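Visitor: The structure under discussion is supplied below as C-alpha cells; questions concerning it will follow.
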Amino acid sequence: MWFVPHISLREEKKKAVARETVIGFNDPLQSIGFLNFHERAAMTHRNNITSSLLLRLFIPFGLGYAISYLFRSVNAVIAPDLIADLGLTPADLGLLTSIYFLCFAAFQLPLGFLLDRFGSRRIEGILLAFAAGGALIFSLSQSLTGLLIGRALIGLGVSACLMAAFKAFATWLPKERLAFANGVQMVSGGIGALLATTPVEASLRLTDWRGVFLLLALLTLITAFIVFFVVPEQRHDGAIETFPEQLQGLKTVLTNASFWRIVPWAVTSQATYLSLQGLWAGPWLRDVAGLERGATAQVLWWMALAMIVGYFSSGILAERLSRRGIGMEQIAATGMGLFMASQLLLILAPGVPTLLWISFGLLGTAGILPYAILAQYFPRRLVGRCNSILNLLVFAGAFASQWLVGIIIGLYPQTAGGGYATTGYQSAFAFMLILQLITVAWFYLGRNRG
C-alpha cells in the first residue's frame, strides 16, 4: 500500500557496506557478525523516527485502546440500570462485567503468536470487528445470557488493543523509548475511562444503556477500519519463525526466572486496579460514600483524569530516572507500593472519597511499568509472546478479582436502602491487598536470591 513506509534493501545494503568500509567495523556487534544485514537495516529504520510514523502508530492504536477501556469501565456507570432492568445480584453483576476479562485473557497466548507472525495491523483490525458485533448483541439482549455472550465477544475483540500497540512500538521504536511510548498508549486508555464516566452518564439522559452500546458498536467498527488501513505493516528483523521456533520462544519466556519474579506482583496490582476501577468503584461511591449517580460519575471522571496523568507521567518519569541510573524495577516497585497504600486508605479512612479515588487512579498506573521491564529482558522477536503471557495472567486475575469481590460483598446483608454493606467492601478490598502483600514478599525474596 502506498502509505506503508518502504526501505529499499538494495539501497540500504549499499549504505551499510559503505559505512563498514569507512569505519572499519567499529561497531563491535557488526565486527563479530552478530547482526545480519536485515537486523542492521531494521535497527537503522528504528533510529529514523518520523512524525508521520509516530502519528500512524499512536493515533490508530490510541483509538483502539480508548474504545477498549471504555468497554471495560462503562458498567461502573450503567450498573444501576442493568440491576433494575434484569434484577442482577452482586455476583451476577461481577460475572457479567468480568467475563470481558476472562475472554480477553483466554486469547492472549494465541494472540502473542499471531502478533509475532502476522503483525499488529491485521490482527487488531480484524479483532475489533468482533468487538463491534459483541456491542451490538449486548445492546439487543433481553437476558443475562445474551449480555454475557455480547460482553464475551467484546472482550475477545479488544484483546489485542494493548498488546498490538506494544508489539508495534517494540518493532518500530528504540528500546529506550518504550516506557514513554507505552505510557502514551496508556493515556489513550485513560481517555476511554474518562469517556465512560460523565459523558456516558450524560448520554443516559438522551437514551438508555442500549443506545449507548449501539453507538459504541458503530465507533468500534470505524476504529477497526482505521487500524487496518493506517497502521504500517510489521517489519521482521530476519526470517519469519516457524511454529516450532515460536513454541521454543514461548518456552524461553516461561522458563525465565526474572519473568516469574516480577510477574506475580504485576498481576495482583493490575488485577486489583482493573477490577475496582472498572466496576466496584461506582457501587462503592453509592453505598459507602452515599453519592447519587451524577456525583458518582463526577468522582469517576476525576479518577480517570488522574489515570491519564499517571500513565503519561509514569512513562516520562521512568525514562528520566533510568537515565540517572535508577533501575526500572526500583521505579516500578516504588509506584506499586504507593498504590497499595492508597488501597489501605480506602479501607480504613473512606471519608474523603474523591481524593482517595484520585490517588487510586493515579498510583495504580505504576503497574504498567513491568511491561517495559520485560521488553528489555527479551529480544524483540519474543516481545509479543512475553507481553501477551503477562497480559493473560493480568486479565485472568482481573476476571477472578472482579467476580470474587462481588461474591465477598454478597456475603454481607444489604442495607435498608437496598445497597451493599460497607463491611463487605472493606473485606473484599482487604483480601485483594493481602494478595498483593504476598507477591511483594515473593518479589524481594527472589531479588535477594538473584
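Visitor: When only residues in the stretch 60-116 that are of a type outside the set (S, T, N, Q) and touching a Cys at 6+ places or on another chain (Cβ under 6 Å) count, which is farthest from ALA132 (Cα to Cα)?
Guide: Across the stretch 60-116, the extreme among qualifying residues is TYR65.
Visitor: Within the set of pairs 6+ apart or on separate chains, which have a first residue in the stretch 279-299 that is in a helix (DSSP H, G or I), a second that is hydroxyl-bearing (Ser, Thr, Tyr) and crowded, with 24+ Cβ neighbours inside 10 Å, and C-beta atoms under 7 Å apart?
Guide: LEU279/THR97; GLY282/THR296; LEU285/THR296; ARG286/THR296; ALA297/THR197
Visitor: Right, something else. Which residues, taken from the stretch 121-131, are in contact (Cβ under 8 Å) with a residue 40 or more places away in the chain and surrounded by fewer than 22 Cβ atoms within 10 Å (Cβ to Cβ)?
Guide: Across the stretch 121-131, the qualifying residues are ARG122, ILE126, ALA129.
Visitor: Restricting to the stretch 141-163, give me the number of residues that are surrounded by 20 or more Cβ atoms within 10 Å (Cβ to Cβ) and either in a loop (DSSP other than H, G, I, E, B) or among the charged types (D, E, K, R) (or both).
Guide: Total meeting the criteria: 6.
Visitor: Taking the conditions exactly as written (among the small types (Gly, Ala, Ser), closer than 29 Å to GLY418 by Cβ and crowded, with 19+ Cβ neighbours inside 10 Å), does ALA297 satisfy them or not?
Guide: yes
Visitor: Follow-up question, since we're still on this one. Would you mind stating whether ALA333 is buried (at least 22 other Cβ atoms within 10 Å of the Cβ), in contact (Cβ under 8 Å) with a residue 60 or more places away in the chain and of a type in the set (A, V, I, L, M, F, W, C)?
Guide: No.
Visitor: Can you name the condition, by its number, that PHE213 falls short on among (1) under 17 Å from ARG72 (Cα atoms); (2) not in a helix (DSSP H, G or I)?
Guide: Unmet for PHE213, out of (1) under 17 Å from ARG72 (Cα atoms); (2) not in a helix (DSSP H, G or I): (2).
Visitor: Here is a follow-up. Name the one entry in PHE166, PHE180, PHE138, PHE118 that is within 25 Å of ARG385 (Cβ to Cβ), crowded, with 24+ Cβ neighbours inside 10 Å and in contact (Cβ under 8 Å) with a residue 40 or more places away in the chain.
Guide: When all the criteria are applied, what remains is PHE166.
Visitor: Return yes when GLY310 is within 21 Å of GLN436 (Cβ to Cβ), crowded, with 19+ Cβ neighbours inside 10 Å and touching a Gly at 6+ places or on another chain (Cβ under 7 Å) and no when it is not.
Guide: The answer is yes for GLY310.
Visitor: Hey, can you tell me all the residues within the stretch 313-330 that are surrounded by 21 or more Cβ atoms within 10 Å (Cβ to Cβ) and polar (S, T, N, Q)?
Guide: SER314
Visitor: Further question: For the stretch 314-330, enumerate the residues that are touching a residue at least 40 places away in the same chain (Cβ under 8 Å) and under 18 Å from SER269 (Cβ atoms).
Guide: SER314, GLY315, ALA318, MET328, GLU329, listed by residue number.
Visitor: Let me ask another. Residues that are under 34 Å from the mean Cα position of the chain (by Cα) and modelled with pLDDT of 85 or more, at least 2 per element: which helices (runs of 4 or more DSSP H) completely within the stretch 5-111 meet that?
Guide: 51-73, 75-86, 90-106
Visitor: Another question, then. Filter the stretch 194-206 for residues that are hydroxyl-bearing (Ser, Thr, Tyr), surrounded by fewer than 21 Cβ atoms within 10 Å (Cβ to Cβ) and modelled with pLDDT under 90 and give the result.
Guide: Within the stretch 194-206, just THR198 meets the criteria.
Visitor: With touching a residue at least 12 places away in the same chain (Cβ under 8 Å), of a type outside the set (Gly, Ala, Ser) and either more than 29 Å from TRP302 (Cβ to Cβ) or buried (at least 24 other Cβ atoms within 10 Å of the Cβ) (or both) as the only criterion, which of ILE368, ILE347, ILE358 stands out?
Guide: ILE368
The values are calculated or read from the model by the stated rules, or taken from the named source; none is laboratory data. Quick caveat: nothing in here was measured; it's all calculated off a predicted structure. For neighbour counting, all protein chains shown are included, and Cβ atoms are generated from backbone atoms with ideal geometry for every residue, glycine included.
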